[in-house]
């Protein structure tokens, strides 16, 4: 198992009383009911108010993002909501979407119910595709100033080096994992849009109101972590105040990257099934924004980067007690042997022709 880092976990002092006092500091008063929601990176609670609907309070992990980076995420959410895109963003309280209490930065958002989308339904996929295109149209209207890009260095090289430098990979698997991960990163390095060597960051054409797009793949502001758990689906018979269809939550991982990053995590099954799902997503997407087919070649490299980054994320967070409880399988030789096999599978996948839609 990985060794916990010596620093105490950052949420040790975030007691239920602190959560309620933080809420009161922005003029909202809970009735005492707190429900922890599924979130490991941050601490997120559904809180019932004495007078009003329930809200969701997010307490950001200290030292992960700067205040400027969090506010930039919030500004992106606000821009999406202003464009009537169903994104659940933070409320403005005390004149700001981000407040401070007891050493924690926190935000408060409306509580919205919903279920996971049925991603085997073509209509659902097209519906999600349409809204992703609208998110990306807003995302392409300007660039992030302080939030990072999803690239080879931050997700791949830095993660690999940290794991090896901190002896997180058991000795009996270390050589095989180091070799497989390096070979995978070498293949990813052939994609200029993931190395920054030909980054075409979107900017606004003030005269035409259109996005510049050169010969390289366009990099735009993204949701960044658009997996099914971050889409709340409400049925067609939902109340008018809620609205049917997808509602996007948790832009905490919003970064700059290629549009396909927000599509590929919605795919599952074998290659044929994924190609079919992607086809429906793109059909919906292209009703509002063109999709650059060259980005299809980035799906497997992006999947590989997430694989390496995920292991490093778990290892870096191991001193937080919630991680050993929820990920007891992490860190064993069996885990890392499984990672070696998945990396080898990804190496093969990255050398195949991209999916076609």
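Values quoted throughout were computed directly from the atomic coordinates according to the rules given, and no laboratory measurement underlies them. Keep in mind it's a predicted model, so treat the numbers as computed, not measured. As a convention, Cβ positions derive from the backbone with ideal geometry for all residues, glycine included, and neighbour counts pool all protein chains shown.
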How would you rank 63, 58, going from fewest to most other Cβ atoms within 10 Å of each one's own Cβ?
63, 58
May I ask you to derive the FRET efficiency for residue 178 and residue 329 from their Cβ-Cβ distance with R0 = 22 Å, giving the value to the nearest 0.05?
0.55
Given a Förster radius of 45 Å and the C-beta distance between residue 153 and residue 51 as r, what FRET efficiency does 1/(1 + (r/R0)^6) yield to the nearest 0.05?
0.35
Note: probe point = Cα of residue 190 + 7 Å toward Cβ; backbone nitrogen < 13 Å; residues of segment 324-357 passing the test are 347-354
Hits in segment 94-121: amide N under 16 Å from the 7 Å Cα→Cβ extension of residue 41, namely 105-107
What whole-number distance in Å separates the alpha-carbon centres of segment 41-109 and segment 297-314?
27 Å
Note on the chain: alpha-carbon gyration tensor, axes a ≥ b ≥ c; rule is a/c under 1.5 for rounded, else prolate if a/b larger than b/c, else oblate; result oblate
If we count other beta carbons within 10 Å of each Cβ, what is the order of 115, 316, fewest first?
115, 316
Along the three principal axes, how long is segment 1-111 when you take its alpha carbons, biggest first, rounded to the nearest angstrom?
46, 31, 25
Going from the fewest other Cβ atoms within 10 Å to the most, one would list 111, 154, 159 as 154, 111, 159
Ranked output for segments 94-104, 290-300 by mean other Cβ atoms within 10 Å, highest leading, reads 290-300, 94-104
Report, in deg cm²/dmol and to the nearest 500, the calculated mean residue ellipticity at 222 nm for the chain, where each DSSP H run with n ≥ 4 adds -39500 (n - 2.57) and the sum is divided by the residue count.
-11500 deg cm²/dmol
Quick one: if you stick a label point 7 Å off each Cα along the C-beta vector at residue 310 and residue 96, how many nm between them?
3.5 nm
Please compute the modelled spin-label separation between residue 353 and residue 34, points set 7 Å along Cα→Cβ, answer in nm with one decimal.
5.6 nm
